[in-house]
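Novice: Before anything else, here's the structure in question.
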Amino acid sequence: MQRCIELAQRARQSGDTPVGSVIVRNDQVIGEGVEAVRARLDVTAHAEIEAIRQACRKVHSLDLAGSVLYTTAEPCWMCSYAIRQTHISQVVVGRTVASVGGFSSRHPILTDPEIECWPSPPSITCGVLGRECEKFKTWQARICGPCAHSVAQTYAAFASQDLYFNSRKDATSRIETQASR
């Protein structure tokens with residue numbers, strides 16, 4: 001996790017959200033990632049995705065079973081999907097991100113065992129070097145404040161319009177009802 005913190009500092013220095021990730025398999029680092037969304041003008045350049053890309057290239061496979069992903073911040077939904085699809089066995093997180101996190105948000109896709117056709121969820125360890133990782137949260141709020149605010153507004157809008165669905169069955173029935181109008 002200390003290496004992840006170093007990578008997060010690098011991301012911060014380049015003007016990106018301070019997140020760093022490392023993937024380890026058989027006690028060897030097979031991938032590292034630095035958040036580079038702004039630096040590359042690429043919304044998929046999250047630290048976890050970058051580490052997964054590097055690891056897959058290194059092992060010449062999309063199967064990272066037996067690997068551990070370390071990251072300073074809880075993986076978002078996009079990163080959670082990539083983690084599940086590459087069969088990463090364990091995720092070690094410094095701090096949670098309740099607004100968009102893959103296990104602490106309203107949409108825990110990283111840990112939901114009932115998503116059809118998806119590999120089993122990884123085991124999760126949270127709070128490793130948590131104090132050090134929480135320090136990045138304050139800096140992140142400065143650069144992402146409007147974004148975080150808009151996420152909260154979006155949830156409030158969904159709730160006020162009754163657009164947030166608690167189950168697929170409910171969502172399907174509402175979509176069918178609206179389509180028949």
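The values are calculated or read from the model by the stated rules, or taken from the named source; none is laboratory data. Keep in mind the model is a prediction, meaning the values are calculated, not measured. Note: ideal-geometry Cβ built from the backbone for every residue, glycine included; neighbour counts use all protein chains shown. SASA here: full protein model, heavy atoms, side chains in, ligands and nucleic acids out. Shrake-Rupley method; radii C 1.70, N 1.55, O 1.52, S 1.80 Å.
Novice: Given Cβ point charges of +1 (Lys, Arg) and -1 (Asp, Glu) and nothing else, what value in debye, to the nearest 20, does the dipole of the range 38-138 about its Cα centre take?
Specialist: Result for the range 38-138 is approximately 400 debye, rounded to the nearest 20.
Novice: Let me ask something else. So what is the relative contact order of the range 52-129, in percent, for Cα pairs below 8 Å that sit 6 or more residues apart?
Specialist: Worked out over the range 52-129, it gives 30 percent.
Novice: I need the calculated FRET efficiency for the pair ASP27 and GLU6, taking r as the beta carbon distance and R₀ as 25 Å, to the nearest 0.05. Each step should come with its number before you reach the end.
Specialist: Working: r = 19 Å, r/R0 = 0.76.
Once rounded, the FRET efficiency stands at 0.85.
Novice: Now, a different point. Report the extension gain between GLU116 and GLN85 in nm, rounded to one decimal, defined as 0.36 nm multiplied by the number of residues separating them, less their alpha carbon distance.
Specialist: Contour length minus Cα-Cα distance gives 9.9 nm.
Novice: Under a point spin-label approximation (7 Å from Cα along Cα-to-Cβ), what is the ALA39-VAL59 distance to one decimal in nm?
Specialist: If labels sit at ALA39 and VAL59, their model points lie 2.5 nm apart.
Novice: What residues of the range 98-126 lie in the reach of a label at GLU134, counting those whose backbone N is under 17 Å from a point 7 Å from the Cα along Cα→Cβ?
Specialist: 98-99, 126
Novice: Pop out the carbon and sulfur fraction of the accessible area of the range 37-109 as a percent, whole number, probe 1.4 Å.
Specialist: Heavy-atom surface of the range 37-109 belonging to carbon and sulfur, 1.4 Å probe: 59 percent.
Novice: Further question: Using the per-residue mean of other Cβ atoms lying within 10 Å as a proxy for protection, in what order, highest first, do the peptides 37-46, 74-83 fall?
Specialist: Result, highest mean first: 74-83, 37-46.
Novice: Right, next: With a 1.4 Å probe and every protein chain left in place, tell me how much accessible area CYS56 has, in Å² to the nearest 10.
Specialist: Accessible area of CYS56: about 20 Å².
Novice: If Lys and Arg each add +1 and Asp and Glu each add -1, what is the summed charge of the other residues whose beta carbon sits under 12 Å from the beta carbon of SER89?
Specialist: Residues near SER89 contribute +1 overall.
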